[in-house]
Amino acid sequence: MSESPVIAQKSPCTVEVEAGKSYWWCSCGKSSAQPFCDGSHKGTSFRPTEYVAEKSEKVWFCGCKHSATPPTCDGKHKQL
Ligand code: FES
C-alpha cells in the first residue's frame, strides 16, 4: 500500500524562481520549509522532486501534495 502525503496547506506556494537554479519540491508534506524539502521525508517512501527553472518567473508550487502535475499546482487543493 502506498503512503499518502501530508496536506501541508490547501493552497499553492508562490515562489519567484531564478533561471538555471534547481529547486527540490517536498512531496511528502512534512517539510517545515514549504514548498521545499528539508529532509523530513526520511523514513518514508517519499523523495523530493527536482524543479529546474528555465527562466526567472513566479511559480505556483503545489502545497497540498495532491497535484496531478507536481511540483506545480493544478487546483486539486480545492477538492480536498
Ligand atoms: S521533506 Fe518532504 S520530500 Fe523531503
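Numbers below:
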item	result
Members of region 13-37 found to be near the ligand (Cβ under 8 Å from one of its atoms) and in a loop (DSSP other than H, G, I, E, B), listed by number	26, 27, 28, 29, 30, 31, 37
Where a residue in region 57-68 is free of Cβ contacts under 8 Å to residues at least 60 places away in the same chain and its partner, wherever it lies, is in a loop (DSSP other than H, G, I, E, B) and charged (D, E, K, R), with Cβ under 8 Å and at least six apart	62/74; 63/10; 64/10; 67/74; 68/74
Positions within region 38-53 being open to solvent by 40 Å² or more (accessible area, probe 1.4 Å) and within 12 Å of the ligand (Cβ to nearest atom), in sequence order	38, 40, 42, 43, 45, 47, 49, 50
The listed residue being surrounded by fewer than 14 Cβ atoms within 10 Å (Cβ to Cβ) and within 12 Å of residue 8 (Cα to Cα), out of 27, 32, 22, 56	32
Test for residue 65: is it within 16 Å of the ligand (Cβ to nearest atom), part of a loop (DSSP other than H, G, I, E, B), in contact with a Gly (Cβ under 7 Å, 6 or more places away or on another chain) and not acidic (Asp, Glu)	yes
Hits in region 10-30 - residues which are under 22 Å from residue 78 (Cβ atoms) and either free of Cβ contacts under 8 Å to residues at least 60 places away in the same chain or of a type in the set (Gly, Ala, Ser) (or both)	11, 13, 14, 15, 25, 26, 27, 28, 29
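The values are calculated or read from the model by the stated rules, or taken from the named source; none is laboratory data. Just so you know, these numbers come straight off a predicted model, no measurement behind them. Cβ coordinates were reconstructed from backbone atoms using ideal geometry, including for glycine residues, and neighbour counts include every protein chain displayed. For the accessible areas, the whole protein counts, side chains as well, though only heavy atoms, and no ligand, DNA or RNA atoms are used. Shrake-Rupley method; radii C 1.70, N 1.55, O 1.52, S 1.80 Å.
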